[in-house]
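Derivation of every value follows stated rules applied to the coordinates shown; laboratory data play no part. This structure is a prediction, so every number in the text was calculated from the model and none was measured. Methodologically, a virtual Cβ is constructed for each residue, glycine included, from the backbone with ideal geometry; neighbour enumeration extends over all protein chains shown.
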Amino acid sequence: MTVRGLWIISHENGGNLSIRFSRRFSTVEHRAKSLAGSSYVAVPEESTFLQLLLTELGLSDSGKNYVALRDDCLYRPRSPALELHVDGPAKGILWPVLTVSQGPLILACLPLVDVPPDPRPPLASLLSVSQGLTLLAGLQTFLLGSGSKPDSEGLGSRLAMVPSVLLQVCPLGTPLDVPLPGTPATPTAPTSVGTQKQPAWKTGLHRGRAVVNVGLIETVRSMQYGNRSRQDLWDVYGTVTCKCEVEGVLPNVTVTLSLPPNGSPLQDILVHPCVTSLDSSILTASSVDNYDGSAFSGPYKFPFSPPLEPFRLCSYTSEVPVPPILGSYQLKEEENQLRVSVTLKLHESIKNSFEFCNAHLPFFNRDQMGVVDMKVSSGQLDVSKEKNLLVWVLGQKFPKSREVTMEGKINFSGPTPGPSDPLCTKLTAYVKLHFKVPDMTLSGCYVDQHSVQVYSSAKPRIVTSRELQSKEYYIWNSTGTAPVSSGQMMM
Amino acid sequence: MAANWAERISAFSRRPSGFLSGTTAEAFLAELLRELRDDRATYSVKILLLSPLCEHPTLVCCSDSVGEETALELMSVFAQCPPKSVQFRCHLLLALTSVLICTSCVKSHSRASLDFLDVLLQIAQDTSDIHTDGSQRPLRAIACECLRELEACCPSLLSQRLELLGGLWQQETSRLHQAYAELYTLVLRNAIYQLTQETGAGAEHLKALLGGNTSAAWEADQESGLASSKDSAILSSLILGPMGTVPTLHTGPDCKELRSVLSTLLDESYLLTPLCQATLLHRLTEVVAMVPGVPPAIFRTHLLRLLGTSEVSLLHVTLLLKCAFTDSLFSSEDEAFILKRLVVLSQHLLLSTPEKLFYMDCILHFPENRPISCGDGDETLPVLLTPQLASALVPTVFNDSATLLARFNMLSLVYLEEGEEGQGGQGLAYLYEHLNSLLSMVENGCGRELVVTFFRAAFLFLYYFCHVERYSNDLTKQLCQLYLNHTKLAPHFINLADQTQDRLSESSWSVGLLKALQRVITEAPLTQLTSHDLSRHLKMLARVAEEGEIIQQSTLTFLSSIITPSSSSLCTGGDWCLGNEILRVCRHLLVHPSLDSLLTPLADVLQLLVCHYADMEIQDHARLYYTLLTTLSREKLAGVLAQGMEEGGRQDKKQSLSCLIGEGLTSTLTIQQTERAVFRLIEAPPEPRAGDINSNEVQKGPEEASASMEAYRDQFSDSSFASEITLQYQLVHINSHDSHFDQLFSIRLHFSLTDHHYEELGDISVPCLLRERPSAIVQLTLKPRKPYPTSLHASAIFTSPDGHTWHTTLPDIHVAFQQTFLPLPVPSNWGPGGTLSVFEGLWDEICSESGDSAMSLFCCQLKEAALNTLVEKHFLPFLISDASHKEEFKVLFFLPPRSHILLKVSSEEDAVHFNIATDNWELLSHINSYLLKITSLQEDTLS
């Protein structure tokens, strides 16, 4: 339940990877020594540790084609924990080193093995592993921000705050909490002298008007092949994000998700730890199960006591009968040019009012585009010749027929080769859709403003919203071979 | 100064060993402590100064007593630090905890550690700031954390304070209650563990423990408990799965107190951060596992909340609960539900890759209620994981490498279990198709990471499904095609062949692959062959030639066709690297079991290399192989090359090119350097120069003094006359016990001069030096240009019993002034009269001449007896006058090549006078210091 050491590695001003911060927990090391006995392996010094870690991550010697230690084909069933092979007088295998990496940052920690070390215990028997992962993920969010684009600008200044952050969340190697994003919380004013204990995860108390904000976002993914032998795939998952400004040490709030009649049940529900209790029926539906018509289909009640900061109350997946946009994509190779034909059809149940809707058509492993002779029935076409990319901007609305087409020819006669991709060779190509539809969900799931209950003195303002967005929405060329993306289809 | 400290501290933590090699731990510690006491230093610097003590206490405090002293120092710093510097005080507590725990002060209950414990408990109880600003709260939190760490490292340290801690936990309403709860739970867990180790402990003891009214009897037990707690078992997690045993405390069903404590802890666990909640639940699981009187059902009300959580550590602790209590807490429906949940989480979009990989690992080590195998750490599939369920986890090209391989591994296990029929067959077909799509990505020239992933996936596939020939044979075919198009992947292929051979010893797939590769290489048209391709082909063929089962004719045909001058320009190009790669193939062929049938073509290839290859070294090497091949019998050939093959066989692929050259011979041909001197030369004890002149058969020398002088001078017409001095040395081992060098052979000593006063020395050979035998005598012949004292550098080359040749340096040899003295070189048949007349002649000459000659007087206080002893000891061989003639001793030192020093030694009233005459005034300072030395020695011994 503790970690022996913690390392933060990043690129130094665009140069080599280096250790920007490290912390060893000597008392934990002391325990590690007596727990492991003769099989104890000491933590090597920084430079050695870095080199061994980069080798294991496949990041060392990037100029060399093959390095035996790095590229050995022997599969070691060890992820997400790495083994570092320490050489020299303190020879041995340092295990389990956990790493997370994102953008310019690699974080690593070494959890304490608190069960007999021989034979090697499974990761699942070490609580310190999941705690280490949580600590690393928390630090990563703290250092890079939680947004989709990591903010590496402020990285330096936030790295400087790591020591004081660790004093709060992990002073002696036992992770107590994850750092709050942003500046470390200053000790808040004395809060309550009542008998109610303040949750440890609540940094202070809200004073003022009560506001509860509940946002529901559904994301749809799809793989469409336009091929009879291959079933098209799509899935939907939703997340409910809350920001609650409510007075009290431990206020009670209940948010209820509802489905329309005949809506398919929400599956794989995961809840935030501030949810106080759950009904067993909420958890029963699972995407890996055969659909059971009798399954519970709401309403889904989530009673909780909110933390101060915004948080993800719950997430779910849903099985919807049709994809929102059905597409077909056909390419035909003709003497030095490519004949392109795309059709997109908006399903009738979908609100025809987009925030945006774009289709991207990249072409890989070809020379740069020369002449592009394309016609679209709606929207407009942007051609980016240096990226070999067509962007079809469909705007806010499909036409009344709810169907749009694009036809034409492209000549790849440019002077230099365009971008390459190992997957998309020959006629393996795709259209990728990016769209967002405000105020709707595919599953039909919604949060009724009146169903949000807050048990506090003042009447709160309640705001709810919902939207549908796309992610990894691919339509593959039906005349080429398309990669398999899921095993669901084969059974 | 502050910036300097920041730099130094960061240098220390980057490389403590390097930093401390530039100073000593004591000095560094003293500096740290001084600076910590310095009022001028800012607190931010002081916090920095504490980090070496926190992170490397045992390096900075090199003994327990230093640790104790340091802790006392730090505590006085703490006592003097104003309460408002909370951050610094927090760090001081952390540093104290680290120092005291790591230097074993806590374990030995040292004074400082007991004092520190009191300080911590005081801080933990001090809630005086609660109504003011709460500014001391971080300090209280850290104090609790320090107490928890002390208890974690020295279990049962706080058992006696359980009631106090419980009270603090219950009273606290600020966020700090978490720190108290964690501390309390750990102390409770350790105390109960300690009780389980006492014989006869039961319900009352438990009650007493919780109530805090510890009886005297129990305290005695406590002491014995502390002794046994040195065992690290108490530090270990008690949740070990089906094979682990948990020590138990038999209380009967009556443990209301404990139950109520546990319920409160569980109910309040919701108020803790998820990480602390997980720790708390883990500790409580251990407690309930140790006390069978408390039913596991106590956890039941919390299960749904935990099973629905998105927090990895909370779900993990739930799995550990299941591991500990199996069907006494989880029904089979629960089990099916949890497994499904894990599958869902293993591919959940909102989770990070490491979390998903962790959940996959949890599936492979799923704590089943009724496990079939005894979970010995190996991966096993839970019974409930059907192909249907697992199909959610099939690998796809959209996965990252780690996920792809983890899924590939898991699905392989699933389909292996299902067999080749039905769903297993379908699944296997899918896996193979997936492998093929990876292969086609490699074929299309993807990045390095994907290449490595493909080979790992291929290895996994073979590992599980090598026996399914329709796939493994097809894979061989596909791989050969891939190799021809991408020869740069050769090292990956060789690695795959090696690993499949090692791990799948029953399968011949690896040999099959190599055979197929040999075929495609040797059958491909030579016309388009680049030198890069050729080099990789040769590496591959060298690996193929290691396989005794593979027929090598086609390899030889290939070799011969690439080096035949008419068909290829390789020979005329004379590329050294390629030449060596060809030789490497040949070398493997030389030890191939089918060598008899390869003899002629192999000899032809070597002959071609000898005659036509444009690089001399390759020619020489080929000639050696050719000679070995044509003159040695097979057994001998194998013997000669065997050692090299063992060392260089399968491993040498990993070595650099230069190691391949000379292969086995290199180590024996290389001279290695010893780490330190192995032996040295010491002066041999002087052999008795028996009687010298007197014992010889005496004839009269020339009568006339002038004639004597003339005869004496004539001898020097031969320039080599009396020009050398010979010194006797013993060659002895230096007393270090390196048994490797006990027996040394063929020692060749080499000397080099440090000045220009002597002629260069020749090397000296010593046949052997054995530690158990008497040391060897070495005669060193020096030929002075000027007879001054000197030093010689010495080194040696020798052979150790294992046949390795070594170079070593000996300690310097110092040649003293008196070692250059020789007796007057006169013909041996001259009597004392002759020598005396030469003495007188020389003396007179020196007195009358100026030039290089000089006279001097040296006086000292010596008793007569002392003088006699001195003459006897140091001058006897050089004495010209009769030894019985004690009024005046005449002494003559001859110093090659031409110098003389003459002494007339007589006792005068006040002192002994050494009248000195020399024909080389430059020697005066040396003789002066020599006389000073011997006379003072004489004074010492006699006074």
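Spin-label point model (7 Å from Cα, Cβ direction): what's the B:Phe721 to B:Arg34 distance in nm?
Calculated label separation equals 7.2 nm.
Order by neighbour count: B:Met616, A:Met1, B:Met360, B:Met855, fewest other Cβ atoms within 10 Å first, most last.
Ordered by Cβ neighbours within 10 Å, fewest first: B:Met616, B:Met855, B:Met360, A:Met1.
How much net charge surrounds B:Ser907 when only other residues with a Cβ under 10 Å from its Cβ are counted (Lys, Arg +1; Asp, Glu -1)?
-4
Taking the beta-carbon count within 10 Å as an exposure proxy, list B:Tyr625, B:Tyr463 from fewest neighbours to most.
Fewest-to-most Cβ neighbours within 10 Å comes out as B:Tyr463, B:Tyr625.
Hey, got the dipole for the protein assembly as shown? About the Cα centre, +1 on K and R Cβ, -1 on D and E Cβ, debye to the nearest 20?
6360
Quick test of the membrane-span-like rule: which DSSP H helices of chain A reach at least 18 Å along their long axis (C-alpha atoms) with mean Kyte hydropathy at least 0.0?
A:127-144, A:155-169
Please give the helix B:86-102 orientation as an angle from the longest Cα principal axis of chain B, in degrees from 0 to 90, rounded to the nearest 10.
70
Amide H of A:Ser470 versus every other amide H placed in the peptide plane: which residues, excluding those fewer than 5 positions away on the same chain, fall under 5 Å?
Residues meeting the criterion, in which the H sits 1.01 Å from N, are A:Val220, A:Phe435.
Can you give the FRET efficiency for A:Leu59 and B:Glu549, using 1/(1 + (r/R0)^6), R0 = 41 Å, r = Cβ-Cβ distance, to the nearest 0.05?
The value I calculate is 0.55.
For B:Lys904, give me every one of the aspartates and glutamates with a C-alpha distance below 13 angstrom, ignoring sequence neighbours fewer than eight places off in its own chain.
B:Glu840, B:Asp844, B:Asp882, B:Glu887, B:Glu888
Which lysines, on any chain, are close to B:Lys933 with Cα under 17 Å apart, when same-chain ones fewer than 8 places away are left out?
Straight-distance partners of B:Lys933: B:Lys863, B:Lys873.
Only four residue types carry charge here, +1 at the Cβ of Lys and Arg and -1 at the Cβ of Asp and Glu. Report the dipole size of chain A about the Cα centre in Debye, rounded to the nearest 20.
With Lys and Arg at +1 and Asp and Glu at -1, about 680 debye.
Near A:Lys301, which lysines are there with a Cα under 29 Å away, not counting those fewer than 8 places off in the same chain?
Candidates past the 8-residue exclusion: A:Lys197, A:Lys202, A:Lys243, A:Lys351, A:Lys436, A:Lys459, A:Lys471, B:Lys322, B:Lys340, B:Lys356.
Tell me the label-point distance for the pair B:Val520, B:Met616, using the 7 Å Cα-to-Cβ offset, in nm and rounded to one decimal.
Modelled inter-label distance: 4.2 nm.
If R₀ is 41 angstrom, what is the calculated FRET efficiency for the pair B:Asp882 and B:Asp802, using the beta carbon separation as r and rounding to 0.05?
Computed FRET efficiency for B:Asp882 and B:Asp802 comes out at 0.10.
Taking 0.36 nm per intervening residue step and subtracting the Cα-Cα distance, what contour gain separates B:Leu164 from B:Arg623 on full extension?
My answer for the length gained is 156.4 nm.
Let me check the size of the protein assembly as shown from its C-alpha atoms; what are the radius of gyration and Dmax in Å?
Rg then Dmax for the protein assembly as shown, in Å: 44.0, 148.
Under the Karplus relation 6.51 cos²θ - 1.76 cosθ + 1.60, θ = phi - 60°, what is the ordered set of whole-Hz ³J(HN,Hα) values for the stretch A:207-222, x standing for Gly and Pro?
Going residue by residue, I get 10, x, 5, 7, 9, 10, 10, 10, x, 10, 10, 10, 10, 10, 10, 8 Hz, with x marking Gly and Pro.
At R0 = 22 Å, how high is the FRET efficiency between B:Gln528 and B:Ser561 if r is their beta carbon distance? Nearest 0.05 is fine.
0.95
Run the quick spin-label model on B:Gln819 and B:Ile777: label points 7 Å from Cα toward the beta carbon, then report their separation in nm to one decimal.
Label-label distance for B:Gln819 and B:Ile777, simple model: 1.7 nm.
Would you tally the net charge around B:Gly427, using a Cβ to Cβ cut-off of less than 13 Å, leaving B:Gly427 out, and scoring K and R as +1, D and E as -1?
Neighbour charge sum, excluding B:Gly427 itself: -4.
In which sequence would B:Glu417, B:Glu182 go, from the one with the fewest C-beta neighbours within 10 Å to the one with the most?
Ranking B:Glu417, B:Glu182 by Cβ neighbours within 10 Å, fewest first, gives B:Glu417, B:Glu182.
Dividing the Cα radius of gyration by the Kirkwood radius, what Rg/Rh value follows for chain A?
A ratio of 1.01.
Summing -39500 (n - 2.57) over the DSSP H runs of n ≥ 4 in the protein assembly as shown and dividing by its residue number, what mean residue ellipticity at 222 nm do you reach, to the nearest 500 deg cm²/dmol?
That calculation yields -12500 deg cm²/dmol at 222 nm.
Out of residues 5 or more away from A:Thr481 or on other chains, whose amide H comes under 5 Å of its own, with H placed 1.01 Å from N in the peptide plane?
A:Leu427, A:Thr428
Please tell me the relative contact order of chain A in percent, rounded to the nearest whole number, where contacts are Cα pairs under 8 Å and at least six residues apart.
For chain A, the relative contact order is 14 percent.
Helix B:553-563 against the longest principal axis of chain B: what's the angle in degrees, Cα atoms only, rounded to the nearest 10?
Approximately 60 degrees, to the nearest 10.
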